[in-house]
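*Asks:* Supplied in structure tokens, the structure appears directly below.
The values are calculated or read from the model by the stated rules, or taken from the named source; none is laboratory data. Remember, predicted model here, so these are calculated numbers, not experimental data. Reconstructed Cβ throughout: ideal geometry from the backbone, glycine too, with neighbour counts over all protein chains shown. Just the protein is used for accessible areas: all its heavy atoms, side chains included, with ligands, DNA and RNA removed. Shrake-Rupley method; radii C 1.70, N 1.55, O 1.52, S 1.80 Å.
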Amino acid sequence: MTGGPALTRVLGDLTEQRVDAIVNAANSSLLGGGGVDGAVHRRGGPEILAECRRLRAGRYGRGLPTGQAVATTAGRLPARWVIHTVGPVHSGTEDRSEQLASCYRESLRIAAELGAATIAFPAVSTGVYRWPLADAARIAVDAVTGSAALGDFAELRFVLFDEPAYRAFGAALDG
Ligand code: APR
């Protein structure tokens with residue numbers, strides 16, 4: 001019995017990952033933005049936004065709530081699916097850790113339902129949403145290692161865009 005999926009980290013661009021599913025750090029509108037979201041839509045092409053618009057016209061009329069996730073096509077990206085999740089904005093007064101953990105758990109749950117065997121995550125909420133890297137990395141690693149869907153995967157890859165994030169996730173994965 002293998003010890004479950006490989007938990008890996010790379011310094012690179014999420015949109016270039018050759019995995020079944022990539023997780024997009026979206027906002028509740030699902031209609032794009034900057035950071036990872038901007039890169040996913042820019043590189044993935046208009047099909048992704050078209051599917052997001054359909055989600056907004058239907059099931060997610062009021063937008064995707066924080067901590068939830070929803071899958072669309074990955075358009076022109078090497079991946080097969082994009083799983084859009086909405087991270088919490090960091091707060092100094094309110095502990096939103098559970099919402100951030102939920103982004104990872106829900107993304108895994110949906111990816112497993114789709115039959116994905118490999119999945120790549122960015123450091124959700126650590127950019128525009130200002131979550132401190134070390135804490136976000138700890139929450140992310142704890143959330144995925146505690147996930148019921150873990151056994152369905154061959155690889156969970158954290159894709160970090162800069163050295164500080166890469167180091168933070170290295171420490172969390174070693175921890
Ligand atoms: N590949 C991997 N990681 C990336 C990429 C990329 N191409 N571009 C940015 N990042 C990293 C950032 O450096 C940061 O560490 O992703 C992490 C998350 O940052 P954001 O993309 O700003 O996401 P987040 O903090 O969750 O804020 C979400 O920003 O882009 C808008 O529409 C989005 O409103 C939403 C908000």
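*Asks:* When a/c reaches 1.5 or more, the comparison of a/b and b/c decides; with that in mind, is the chain rounded, prolate or oblate per its Cα gyration tensor?
*Replies:* Details: a/c = 1.43, a/b = 1.19, b/c = 1.21.
Here the chain falls in the rounded category.
*Asks:* Next up: To the nearest 20 Debye, how big is the dipole of the chain about its Cα centre, given +1 on the beta carbon of each Lys and Arg and -1 on that of each Asp and Glu? Don't jump to the answer; show the numbers that get you there.
*Replies:* Values: 18 positive and 18 negative charges, 115 e Å.
Here the chain has a charge dipole of around 560 debye.
*Asks:* Counting only protein heavy atoms, what percent of the accessible surface of the chain is carbon or sulfur at a 1.4 Å probe? Spell out each step's value before the answer.
*Replies:* Details: 4090 of 8260 Å².
Whole-percent figure for carbon plus sulfur exposure: 50.
*Asks:* Can you classify the stretch 69-133 as rounded, prolate or oblate using the Cα gyration tensor, where a ≥ b ≥ c are the square roots of its eigenvalues, rounded means a/c under 1.5, and otherwise it's prolate if a/b beats b/c and oblate if not? Working shown, then result.
*Replies:* Values: a/c = 2.88, a/b = 1.94, b/c = 1.49.
Prolate, since a/c reaches 1.5 and a/b exceeds b/c.
*Asks:* Give me the percent of DSSP beta bridges within the stretch 44-162 that run antiparallel, rounded to the nearest 5.
*Replies:* On the way: 5 of 9 bridges.
Close to 55 percent.
*Asks:* Going highest first, how would you order 16-22, 141-147, 62-68 by mean Cβ packing within 10 Å?
*Replies:* 16-22, 141-147, 62-68
*Asks:* Set the Förster radius R0 to 30 Å, insert the Cβ-Cβ distance between Arg53 and Asp95 as r into 1/(1 + (r/R0)^6), and round the FRET efficiency to 0.05.
*Replies:* Details: r = 34 Å, r/R0 = 1.12.
In this case the efficiency is close to 0.35.
*Asks:* Can you give the FRET efficiency for Ala171 and Arg130, using 1/(1 + (r/R0)^6), R0 = 22 Å, r = Cβ-Cβ distance, to the nearest 0.05? Walk me through the intermediate numbers first.
*Replies:* Values: r = 20 Å, r/R0 = 0.89.
The computed FRET efficiency comes out at 0.65.
*Asks:* Which distance in Å, rounded to a whole number, links the C-alpha centroids of the stretch 27-62 and the stretch 121-175?
*Replies:* 23 Å
*Asks:* Continuing with the same structure: At a 10 angstrom cut-off on C-beta neighbours, averaged per residue, how do the peptides 99-109, 69-79, 164-174 rank from highest to lowest? Please report the intermediate quantities before stating the final value.
*Replies:* Values: 99-109: 23.0, 69-79: 19.5, 164-174: 17.5.
Output ranking for 99-109, 69-79, 164-174: 99-109, 69-79, 164-174.
*Asks:* Kindly report the accessible area of the chain per residue (heavy atoms of protein chains, probe 1.4 Å, no ligands, DNA or RNA), in Å². The partial results should precede the final answer.
*Replies:* Values: 8260 Å² over 175 residues.
That works out to 47 Å² per residue.
*Asks:* While we're looking at this one, here's another question. With a point put 7 Å past each Cα toward its Cβ, work out how far Asp142 is from Ser28 in nm, to one decimal.
*Replies:* Those two pseudo-labels are separated by 2.5 nm.
*Asks:* Over the chain, what is the mean sequence separation of C-alpha contacts under 8 Å (at least six apart), divided by residue count, expressed as relative contact order in percent? Each step should come with its number before you reach the end.
*Replies:* Details: 352 pairs, mean separation 55.0, N = 175.
Relative contact order here is 31 percent.
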